[in-house]
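**Q** For reference, the structure I am asking about is given below.
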Amino acid sequence: MSWSEVASREFSVGDGTNEAECPLNWGLPTPLAGRLQFAASRATCGPFHLSPDSKGKRLPVPPKELFLSNLDDQVSGSSFLSHPLPRHRFPASETDPTAAYQLVHDELLLDGNSRQNLATFCQTWVEPGIRKLMDECIDKNMIDKDEYPQTAEIEARCVRMLADLWNSPDASNAQGCSTTGSSEAAMLGGLAMKTRWQKKREHAGKSAARPNLVCGPVQICWHKFARYFEVELREIPCEGARLRMSPEEVLRRCDENTIGVVPTLGVTHTLQYEPIQQVALALDDLEEELGLDIPIHVDAASGGFTAPFIHPSIPWDFRLSRVKSINASGHKYGLAPLGCGWAIWREKEGLPDDLVFRVKYLGGSMPTFALNFSRPGGPVVAQYYNFVRLGREGYAKITQGCAEVGQWFADQIKRLGLFDLIYDGNGGIPGCTWTLKRGVNPGFTLYDLADRLRVKGWQVPAYPMPANRTDLVVQRMVTRLGVTRDLAGLLLEDLHKAIQHFKTNPTTRHLSRQNAGGYHHG
Ligand SMILES: Cc1ncc(COP(=O)(O)O)c(C=O)c1O
């Protein structure tokens, strides 16, 4: 039966009073029947409404245009495809939801495949249970503690669990909050340090006009913190083979205006942990010598969920009394979907009272500290699911697996003979970092290589180290949940092919950082 026949045929209604029962498939192939049912469902809303007393009664023939235009709504290959989606002006009219969904969905095809993105630390694979919970929480606003008390309770449980995981001396009374990610959590940690320092200075009758913060090569969120909250950032530059902070360099920059020191547990550029215990000991000595009591806030964006499970003997957390606060990203190795971070304080006094706002909660009030107001509850609920589902045992298995893939890949990179390892996957965040071997000219740069790997969909970023080693260009691979040994093997095959490609097609003009995708840690 042709479309014109379908559209012009009279149809009668059996005992159906709704479109689901409508005898409209007439032996048509399923996709066509589906289209027609859709058209009929639209028709029930129009002049051909199927009322109960229409049982058995012949209905007027719907105009062909109605069918055909509605059929267009349903599928690809319709008239929608001849129009681009609105880009600059607010659309004047409606679009059928099925078509709108398909068109927007199709645009997202251009977004690269997140599972092949080995630049990100963030979760790109979640269990079906997490998808379900995210869906169930789509209407829950974290800030409405009174309306969603159980979500608030779940957040509070996570805070206590994290304080326990990070060895707080009094986990059941821990002070902390969820955030949208480590950036917001870092801002809150920094703000608390600044306020504490200001109060101390004012109390002592001293100027609080020129606060500074000492750190190693930090993620961009700390540059933002410094600019937004007017704090001088004393970022320790890399020097020679030292690509992270050292206790000596920290002490060299500390003075009475230092609000805190921020070591990173898993430096973004190399994946290495900074020597937090040694820095804490050096600050203890400084206090003894000069009376300067400078707190540590640990940026444990990734390491907060790796070190407790695969490096339990490294004391980086509240086991060190100088560590007053910690931030971590739930959506990185915490395995929560995007939109989940944590800030935890060692003790109540760490979080100055005048930074805390109170919101209504079950007839009482609950303290909140956040830069946002409305925020989805799903990521926090999913985080709790992970804690319950995996426990220390499950997290340790997953993290160890990720670390082993990173170590295996590092080993393969070394065997190629073209690269020097900067980080071999041991003792830090799962993954590895390498640079081109000194004195070897393989006929390509790391930017060329990153660009060539993109042809196969892989994102393995190449970038220069920060000051004073901007001459050192490195390439980094992050191995997280879902980056299996098998996937890493496929990447290695494509890496071999890329190297071979450059052998047979030598590049005369090497790519710049920008041409190769311009990866930034922001
Ligand atoms: C060390 C470090 N701190 C902070 C951040 C920012 O984290 P988020 O993306 O969760 O805001 C990152 C992100 O990669 C990071 O590596």
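What follows is calculated from the coordinates using simple rules that are stated; it is not laboratory data. From a predicted model like this one, the values you see are computed outputs, not experimental measurements. When we count neighbours, we look across all protein chains shown, and the Cβ atoms used for this are built from the backbone with ideal geometry, even at glycine.
**Q** Pull up all non-local amide H partners of LEU351: gap of 5 or more, or a different chain, and H-to-H distance under 5 Å with H placed in the peptide plane.
**A** none
**Q** Using a basic spin-label model with each label point 7 Å from the Cα along Cα→Cβ, how many nm lie between SER365 and LEU281?
**A** Those two pseudo-labels are separated by 4.6 nm.
**Q** Label LEU85 and ARG485 with points 7 Å out from Cα along Cα→Cβ: what is the distance between them in nm?
**A** Output for this residue pair reads 4.1 nm.
**Q** LYS206: net charge of surrounding residues, Cβ under 13 Å, Lys/Arg +1, Asp/Glu -1, itself excluded?
**A** Value of the local net charge: +1.
**Q** Now for a different question. Starting from the Cα of ASP111, step 7 Å toward the Cβ, then list every residue of the stretch 159-188 with an amide N under 18 Å from that point.
**A** 181
**Q** For a quick check of your reading of the filter: which chymotrypsin sites (Phe, Trp or Tyr not before Pro) in the stretch 333-400 sit in a DSSP loop and have no more than 13 other Cβ atoms within 10 Å?
**A** Here the sparse-neighbourhood loop sites are PHE373.
**Q** If you take the charge dipole of the stretch 293-450 about its Cα centre, with +1 on Lys and Arg Cβ and -1 on Asp and Glu Cβ, which of PHE387, VAL323, PRO308 is farthest toward its positive end?
**A** Farthest along the dipole direction, towards plus: PHE387.
**Q** Which whole-Hz ³J(HN,Hα) couplings does the stretch 499-507 yield from phi under the Karplus relation 6.51 cos²θ - 1.76 cosθ + 1.60, θ = phi - 60°, glycine and proline marked x?
**A** 5, 4, 4, 5, 5, 7, 10, x, 7
**Q** Show me, for the stretch 184-194, the HN-Hα J-couplings you get by feeding each phi into the Karplus relation (A = 6.51, B = -1.76, C = 1.60, θ = phi - 60°), rounded to Hz, glycine and proline as x.
**A** Result, rounded to whole Hz: 5, 5, 5, 4, 5, x, x, 5, 5, 5, 5.
**Q** In the stretch 79-118, which trypsin sites (Lys or Arg not before Pro) fall in coil by DSSP and have 14 or fewer other Cβ atoms within 10 Å?
**A** ARG87, ARG89
**Q** Moving on to the next point. Please give every one of the aspartates and glutamates within straight-line cross-link reach of LYS360, meaning a C-alpha to C-alpha distance under 13 Å, and leave out same-chain neighbours fewer than 8 residues apart.
**A** Leaving aside aspartates and glutamates fewer than 8 places away in the same chain, those within reach of LYS360 are ASP144, ASP146, GLU147.
**Q** From the backbone phi of the stretch 107-121, what are the Karplus-calculated ³J(HN,Hα) couplings (6.51 cos²θ - 1.76 cosθ + 1.60, θ = phi - 60°) in whole Hz, Gly and Pro given as x?
**A** Running phi through 6.51 cos²θ - 1.76 cosθ + 1.60 with θ = phi - 60° gives 4, 5, 4, 6, 6, x, 9, 4, 5, 8, 7, 9, 8, 8, 8 Hz.
**Q** Okay, moving on. Among DSSP bridges having both ends in the stretch 146-389, what percentage is antiparallel? Round to the nearest 5.
**A** For the stretch 146-389, the DSSP antiparallel bridge percentage is about 55.
**Q** Which entries in the list LYS200/LYS348; LYS145/LYS199; LYS456/LYS497; LYS199/LYS324 go over 22 Å, if you measure between the two C-alpha atoms of each?
**A** Going by Cα-Cα distance, LYS145/LYS199 fall outside the 22 Å limit.
**Q** Please list, in order, the residues from the stretch 343-374 whose amide nitrogen is less than 20 Å from a point placed 7 Å along the Cα→Cβ vector of ASP144.
**A** Counting backbone N atoms under 20 Å from the label point, the list is 358-374.
**Q** Please give the length that would be gained between ARG319 and ALA209 if that part of the chain were fully extended, namely 0.36 nm times their separation in residues minus their C-alpha to C-alpha distance (nm, one decimal).
**A** Here the segment from ARG319 to ALA209 would lengthen by 36.4 nm.
**Q** Report the gain in length on full extension from ARG389 to ASP135: 0.36 nm times residue separation, minus Cα-Cα distance, nm rounded to one decimal.
**A** 89.6 nm
**Q** Hey, another quick one. Evaluate E = 1/(1 + (r/R0)^6) for LYS414 and ALA92, where r is the Cβ-Cβ distance and R0 equals 60 Å; express this FRET efficiency to the nearest 0.05.
**A** Rounded to the nearest 0.05, the efficiency is 0.50.
**Q** Moving to a separate point now. Which order do the peptides 260-269, 150-159, 472-481 take when ranked by the mean count of other beta-carbon atoms within 10 Å per residue, highest first?
**A** For the peptides 260-269, 150-159, 472-481, the packing ranking is 260-269, 472-481, 150-159.
**Q** Given R₀ = 22 Å, what would the calculated FRET efficiency be for THR504 paired with VAL455, taking r from the Cβ atoms and rounding to 0.05?
**A** Rounded to the nearest 0.05, the efficiency is 0.90.
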